[in-house]
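Every number in this text was worked out from the coordinates using simple rules, so none of it is lab data. Predicted, not measured: the structure shown is a model, and the values here were computed from it. Cβ placement follows ideal geometry from the backbone for every residue including glycine, while neighbour counts extend to all protein chains displayed.
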Amino acid sequence: MTTKTVAIALVLATLVGLPTLAADIYLVRHAEKQTGVSEDPSLTETGRLRAANLAVVLKSAELEHVFTTDYKRTRETAVPVAESAGVEMEIYDPEGLDALAARLLKSRDSALVVGHSNTTPELVDLLGGEAGQPIVEAWEYDRLYLLLTDNGKVTQTILLHLPPGTEAPHGK
């Protein structure tokens, strides 16, 4: 073997052994919830359909973590995804978004975070992504953020929309 061949073999062996430094972080607001029934409502039929669609959309995402707040609507949104990915849901405190953001950026694992109309854009911002306009509390449930990371930093924010589609009420 020539010196050049040995050097190339060493470089390739080193590159193959390096762990990946990139991860995908998905963030979504819980799906449609029932109104006027309790302080901790379940999802509506449309919300259950949206949660099932989320599992289909993320089927190939190779998620290693599914984070959710400890509310019925967020857990019910996360269940189909967690089951499809074969991972346990992990409860996070919506008052501790700084700690969750640090954990997500430090990790090299792909994750889904199910939150709320106020916490989801806030977490996108804390991670270094671009949240855009505030989520409309009354009707907007279709936003799915994809944050691409490399070496613990967000490199790109992709905004997707999750079926079934929702539209602003007429006149808004």
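Segment 25-61 and segment 79-157 have Cα centres separated by 14 Å.
Taking θ as phi - 60° and the Karplus parameters 6.51, -1.76 and 1.60, the scalar couplings of segment 94-102 work out to x, 7, x, 5, 4, 5, 5, 4, 4 Hz in sequence order, x denoting glycine and proline.
When the alpha carbon coordinates of segment 20-161 are projected onto the principal axes, the ranges are 44, 31, 25 Å, largest first.
I'd like to know which of 155, 94, 114 lies farthest towards the positive end of the charge dipole of segment 20-161, counting +1 on Cβ of Lys and Arg and -1 on Cβ of Asp and Glu. Toward the positive end, the furthest listed residue is 155.
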